[in-house]
1. By the scheme Lys and Arg +1, Asp and Glu -1, what is the net charge of all other residues having a beta-carbon under 9 Å from that of Leu98?
2. Among DSSP bridges having both ends in the chain, what percentage is antiparallel? Round to the nearest 5.
3. For Ala281 and Ala83, FRET efficiency with R0 = 35 Å and r from the beta-carbon atoms, rounded to 0.05?
4. As a test of the formula, what do you get for the chain when each DSSP H run with n ≥ 4 contributes -39,500 (n - 2.57) and the sum is divided by the residue count, at 222 nm and rounded to the nearest 500 deg cm²/dmol?
5. Once the other residues with Cβ under 11 Å from the Cβ of Gly158 are scored (Lys, Arg +1; Asp, Glu -1), what is the net sum?
6. Given the convex hull over the Cα atoms of the stretch 171-212, what projected area results after averaging over all orientations, in nm²?
7. Is the stretch 140-264 rounded, prolate or oblate when judged by the Cα gyration tensor, a ≥ b ≥ c being the square roots of its eigenvalues, rounded requiring a/c under 1.5 and prolate requiring a/b larger than b/c?
8. Where Lys and Arg each count +1 and Asp and Glu each count -1, what net charge lies around Lys213 among other residues with Cβ under 14 Å from its Cβ?
Amino acid sequence: MAAIISGKELSARLKAEMAAQVATFPTKYGRVPHLAVILVGEDPGSVSYVTGKAKASAEVGIRNTTLRRPESITEAELLGLIAELNADPGVDGILVQLPLPRHIDEERVIAAIDRTKDVDGFHPMNVASLWQKQACTLPCTPKGIIKMLKTAGVEIAGREAVVIGRSNIVGLPVAKLLLDENATVTMTHSRTRDLGEVTRRADILVVAIGRPKFVTADMVREGAVVIDVGVNRDPETGRLCGDVDYAAVEPKAAVITPVPGGVGPMTICCLMENTIECFLARIER
Ligand code: NAP
């Protein structure tokens, strides 16, 4: 039976620590951190993520302003809103909930955010800094994954880590962070031949694909550490499930993360941490 890393429990503990820290800020600095979240349209998934971020902000004591804009907003109007938030000294973090409607260029929007307020860590300058091993805001999901591994006492250095998925927000940055922790990292994707051959080598397997229960027991080495990033609907039950067939893989793994209650809560937790870090960096400047 695998040890289960509960992102729900770990994030609750970390949020309580952050709440205690933020409670000291009004006396020390005269205010609390302020996170501005922009939501374009009413996609139910995005609405639910934004609601989760507002709830976590309230728990930690961070001021959260959610700016809702209609799907019809033009790119110029959205860029104008970002420019206002960039210029506002009372705003420490800016997050644009993705995805954006097709008529808006996501890359241009992300690049328009002041990099010192980029709490998602998606700004090109933050990405470049990550790859050059310079101080930067780390993207929330990869940051949360490394925290989970470390908290669970998983040794990373020298071990074989395999990442499935190469997206800008999960696969690529988590591979870089694992590399920085001295793992031997292999990246895989939809064009990888004999995926199971590669994944069976993994001491640490990180799965970020977006396909329900894609990773089956035969793809996992006995005693592996399995981190499931996927958030999907099980086509049979309609319930939330990961990219890993949890019931089949869990007995083989040494350590595993559940879905829900695994990586997801840690992502939001790291968003809170990034907001505090951006706030403190602004105060110090
Ligand atoms: P994405 O941008 O769609 O990327 C998916 C990646 O999976 C791509 O690199 C793709 O390869 C690869 N892939 C797809 N089918 C594959 C296959 N059959 N074999 C091997 N690789 C395959 O997805 P994402 O944004 O990284 O998200 C992945 C999942 O994580 C989604 O379920 C998403 O909802 C979830 N997610 C969760 C959190 C959280 O906080 N829990 C955060 C972000 C994302 P190619 O590059 O070759 O196309």
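1. On the way: positive: none; negative: Glu106, Asp120.
Taking every other residue near Leu98 into account, the sum is -2.
2. Of those bridges, close to 5 percent are antiparallel.
3. Working: r = 20 Å, r/R0 = 0.58.
After rounding to 0.05, the efficiency reads 0.95.
4. Details: 11 runs with 119 residues, N = 285.
Calculated mean residue ellipticity at 222 nm is -12500 deg cm²/dmol.
5. Working: positive: Arg159; negative: Glu155, Glu160, Glu181, Asp203.
Local charge sum for Gly158: -3.
6. On the way: hull surface 12.9 nm².
About 3.2 nm², averaged over all directions.
7. Numbers: a/c = 1.36, a/b = 1.29, b/c = 1.05.
Rounded, since a/c falls under 1.5.
8. Values: positive: Arg211, Arg233, Arg239; negative: Asp218, Asp228, Asp234, Glu236, Asp243, Asp245, Glu250.
Its environment carries a net charge of -4.
The numbers here are math on the coordinates, done by the rules we state, and not lab data. These figures come from a predicted structure and were not determined experimentally. Positions of Cβ are backbone-derived with ideal geometry, glycine not excepted, and every protein chain shown enters the neighbour counts.
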